[in-house]
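Just below is one structure, and these are the notes that go with it.
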There are 2 protein chains.
Amino acid sequence: MTEKAIQDYYRGKYAVCYGCGHQNPHGLQIKSFWEAEEVVCRYRPQPYHTAVPGYTYGGLLASLIDCHATGTAAAFMYRQENRPMDSDPPFRFVTGSLNVRFEAPTPIDTLLELRARVQEIRGRKVNVHVSVIADQITTVRAEVTVFQIPEGMEIFE
Amino acid sequence: MTEKAIQDYYRGKYAVCYGCGHQNPHGLQIKSFWEAEEVVCRYRPQPYHTAVPGYTYGGLLASLIDCHATGTAAAFMYRQENRPMDSDPPFRFVTGSLNVRFEAPTPIDTLLELRARVQEIRGRKVNVHVSVIADQITTVRAEVTVFQIPEGMEIFE
C-alpha cells in the first residue's frame, strides 16, 4: 500500500489550494511525507518555472515552502496527539509570515527536496523551519509562522 | 503612447522569469510602473490561484512581491542616476531574502495593487518595502532584500 501524503487528507475548502490542494487541477499539488523526525516534500519544477535559464524561480520556492510548512505543522500536531491524520477534528493551518533566505541559486533540472521541522509551538502558533536541497546543496532556508485554524471558525468569511 | 513597464526593458536571460519575464508565456508577466514616489503593479489573480475559495494563494502573493521588488530596485537605481531604463549598463537585481507578513486574507476576485518603495541602499544591497492592497485594505506587507548583479558577472553559472 502506498503511503498517503499529508495533503491527501485535506478536505473541502482546504483541498483547492493552488500549492497543495489535490482538487486544484491547475495547482502544484505538492505531497509531503514523514521521514523520521522531518517532513519531506519532493518536487520537480516545470521547465517554465525559471528565474534565469537553468535556475528555479524564487516565487515557486516560496510557494513550495509555504504549503510544505502548513502541512508539516498539521502532521506534527497529529503526531503529538498520537492521532491518525484522518481523525477529527482536523488540524489545519494558515500562514502568518514567510521568511525566506535564498542562499544559492537553485538549479531547475533536478528533483528538489524540502525538509521541514517544527521548531516551536505556542498555543495555536507554530514555527516551522524549511530547507530546500538541490543536488545535495542547501540553497534556501526559511522560517514560517503558521496558525492553527480553530475547528468551525470561518476565518476566511 | 503607452508607457512601457519596467519589466518590458528586461532582455536576454532576465526576460524568461516565471514571475516577470515578458518572454515566458507560462508565467505571470507582471508589469510595474512609477506612480509618483512609488512603484506600482496591478495584477488580477486567476480563478485557480486560490488559497481557500474566494481568497488568493499566499505563494502567488509572495511571487508577485518578489518580482515587483526586483523591478522596483532597478527603477529606483535608474532614477537615482537620472538614466533612461533602456540605457547601459542595465540595473538588474536578484532576491536575497523575502519576508512576507500575511495580515489579512486577500480576496481573489479583485484587482490587486502592489505598492513598493526603496527603503535603504547600501552598495549593491537594496531593501524594498512592498504592500499588497485589495479593495482598499492592506492585506500583506513585505520586506525584500535584493542584490544588484554586477554587469558581466554570471552569478548563475
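Here the 3J(HN,Hα) profile of the stretch A:18-26, calculated from phi with Karplus coefficients 6.51, -1.76 and 1.60 at θ = phi - 60°, is 4, x, 9, x, 6, 9, 9, x, 8 Hz, Gly and Pro shown as x. Ranking B:70, B:110, B:46 by how far each Cα lies toward the positive end of the dipole of the stretch B:46-157 (charges on Cβ) leaves B:70 at the top.
With +1 on the Cβ of every Lys and Arg and -1 on the Cβ of every Asp and Glu, and nothing else charged, how large is the dipole of chain B about its Cα centre, in debye rounded to the nearest 20? Can you show the working numbers first?
Working: 16 positive and 18 negative charges, 25 e Å.
Here the size comes out at about 120 debye.
Shown for chain B is the translational diffusion coefficient from the Stokes-Einstein equation, using the Kirkwood radius over Cα pairs, a temperature of 20 °C and a viscosity of 1.002 mPa s: 135 µm²/s.
Calculated from DSSP H runs of 4 or more alone, at -39500 (n - 2.57) each and per residue, what is the 222 nm mean residue ellipticity of chain A, nearest 500?
Numbers: 1 runs with 23 residues, N = 157.
Mean residue ellipticity, 222 nm, calculated: -5000 deg cm²/dmol.
Amide H contacts of residue B:96 (H built 1.01 Å from N, in plane; Pro and chain starts excluded): B:145, B:146, B:147 sit under 5 Å, all sequence-distant by 5 or more or on other chains.
Computed from backbone phi, the HN-Hα couplings of the stretch B:54-69 come to x, 10, 7, 5, x, x, 5, 4, 4, 5, 4, 4, 4, 6, 5, 5 Hz, rounded to whole numbers (Karplus: 6.51 cos²θ - 1.76 cosθ + 1.60, θ = phi - 60°; Gly and Pro given as x).
Distance from the alpha carbon centroid of the stretch A:3-81 to that of the stretch B:26-103 works out to 24 angstrom.
So what is the relative contact order of chain B, in percent, for Cα pairs below 8 Å that sit 6 or more residues apart? It rounds to 21 percent for chain B.
Residue B:6 exposes around 10 Å² of accessible area when a 1.4 Å probe is run over every protein chain in place.
Take every Cα-Cα pair in the stretch A:66-112 and report what % of them are more than 12 Å apart. That fraction is 70 percent.
Can you give the accessible area per residue of the stretch B:35-115, in Å², using a 1.4 Å probe? If you can, show how the numbers build up before the last one.
Values: 3040 Å² over 81 residues.
So the stretch B:35-115 comes to 38 Å² accessible per residue, rounded to a whole number.
The simple Förster model, with R0 at 30 Å and r as the Cβ-Cβ distance, assigns residue A:137 and residue B:151 a FRET efficiency of 0.70. Between identical copies, the spacing of residue B:150 label points, each set 7 Å from Cα toward the C-beta atom, reads 5.6 nm from nearest to farthest. Take residue B:109, push a point 7 Å out from Cα through the beta-carbon direction, and compare it with the same point in every other copy: 4.4 nm, smallest first. Whole-Hz Karplus values for the stretch B:89-97 come out as x, x, 8, 9, 10, 10, 7, x, 8 Hz, taken residue by residue from phi with 6.51 cos²θ - 1.76 cosθ + 1.60 and θ = phi - 60°; glycine and proline positions read x.
Per the 1.4 Å probe, what fraction of the accessible area of chain A, in percent, lies on carbon and sulfur atoms?
Numbers: 3470 of 7080 Å².
Carbon and sulfur atoms account for 49 percent of the accessible area of chain A.
For residue B:15, inter-copy separations between label points set 7 Å beyond Cα along the Cβ vector come to 4.4 nm, shortest first.
Ranked by solvent-accessible area (1.4 Å probe, protein heavy atoms only, all chains present), the residues B:35, A:38 order from largest to smallest as B:35, A:38. In this simple spin-label approximation, residue A:23 and residue B:11 carry label points 7 Å from Cα along the Cα→Cβ vector, and these lie 4.9 nm apart.
The values are calculated or read from the model by the stated rules, or taken from the named source; none is laboratory data. The structure presented is a predicted model; accordingly, all values stated were derived computationally and were not measured. Cβ coordinates were reconstructed from backbone atoms using ideal geometry, including for glycine residues, and neighbour counts include every protein chain displayed. Please note that ligands, DNA and RNA were not included when accessible areas were found on the heavy atoms of the full protein model with its side chains. Shrake-Rupley method; radii C 1.70, N 1.55, O 1.52, S 1.80 Å.
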